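The values are calculated or read from the model by the stated rules, or taken from the named source; none is laboratory data. In this text, all values refer to a predicted model and were calculated from it rather than measured experimentally. We place every Cβ from the backbone using ideal geometry, glycine too, and count neighbours over all the protein chains shown. Note: areas computed on protein heavy atoms with side chains; ligands, DNA, RNA excluded. Shrake-Rupley method; radii C 1.70, N 1.55, O 1.52, S 1.80 Å.
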Amino acid sequence: RMTQACHRKCVPPHYKEAELSKGESICLDRCVAKYLEVHERMGKKLTELSLQDEELLKRMQQSTGTA
């Protein structure tokens, strides 16, 4: 997904040259960095939410006396 998203954003659909221009390269570098940063943040948040759910489930089981 990252490859497709960043390519679509930074590289024109009709190539003029075989090599990336400086602007295209910079755009791709920034796009990849942002994509990876967001992916990491989402992973951390999902892990946090999962741990909260597990803790809540444990508390509910303890209060009802089931294990």
Provide the per-residue ³J(HN,Hα) series for region 34-47, in order, calculated from phi with Karplus coefficients 6.51, -1.76, 1.60 and θ = phi - 60°, each as a whole number of Hz, with x at glycine and proline positions. 5, 4, 5, 5, 5, 4, 5, 4, 5, x, 5, 5, 5, 5
Give me the percent of accessible area attributable to carbon and sulfur for the chain, probe 1.4 angstrom. 57 percent
Probe 1.4 Å, protein heavy atoms only - accessible area per residue of the chain in square angstrom: 94 Å²
List the GluC sites (Glu not before Pro) in the chain that DSSP assigns to loop (not H, G, I, E or B) and whose Cβ has at most 11 other Cβ atoms within 10 Å. Which are they? 17, 19
Check cross-link reach from residue 16 to the aspartates and glutamates: straight Cα distance under 17 Å, and skip same-chain residues fewer than eight apart. 24
The chain - Rg and Dmax from Cα coordinates, angstrom: 21.7, 70
